[in-house]
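Colleague: My structure is below; once you've seen it, I'll send some questions.
Please treat every number below as a calculation from the coordinates, not as lab data. All values derive from a computational prediction rather than experimental measurement. All Cβ positions, glycine included, derive from the backbone under ideal geometry; neighbour counts span all protein chains shown.
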């Protein structure tokens, strides 16, 4: 009788943990293909330039919040190559806070998408002027980024990719 009770109690505990497992993202394996990508700097010298931020295969009902500059440093760039003028939300994302430092070459922002998340697609566009034809020295550390999913949990396991400032690169290969 005692053995049967233990089996039932252990069984109920295991089923409860399995049922609650879907509520917690931390500790799960990284799903295949989960990415936050900052594109190459596009644009001709003296013309408009941009860096697009996209997500791929975001879990947790999709990305609904993005903080760049969570730690000490935001998205950095070479200010002799690119001068940021704005950050725009795409696909329903809204920019709530923005700091642009074109002397130091850094931008920090908070973007949210009320009412749901985006699993794959563009979420933000960093726009400005391409002032030089060299490498833009684009950089961002995962320590300075925070992602939140539409399910209400932080997304902590993903691959972060940043592009470069390919000389004289324009969208479409021109």
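Colleague: Any residue in the stretch 73-90 that is touching a helix residue (DSSP H, G or I) at 6+ places or on another chain (Cβ under 8 Å) and over 21 Å from residue 43 (Cα atoms)?
Modeller: Yes: the stretch 73-90 contains one or more residues that are touching a helix residue (DSSP H, G or I) at 6+ places or on another chain (Cβ under 8 Å) and over 21 Å from residue 43 (Cα atoms).
Colleague: Give the number of residues within the stretch 102-130 that are touching a residue at least 24 places away in the same chain (Cβ under 8 Å), assigned to a loop (DSSP other than H, G, I, E, B) and at positive phi.
Modeller: Total satisfying the criteria: 2.
Colleague: Still on this model: Any idea how many residues of the stretch 131-158 are part of a strand (DSSP E or B) and closer than 15 Å to residue 66 by Cβ?
Modeller: Here the count works out to 7.
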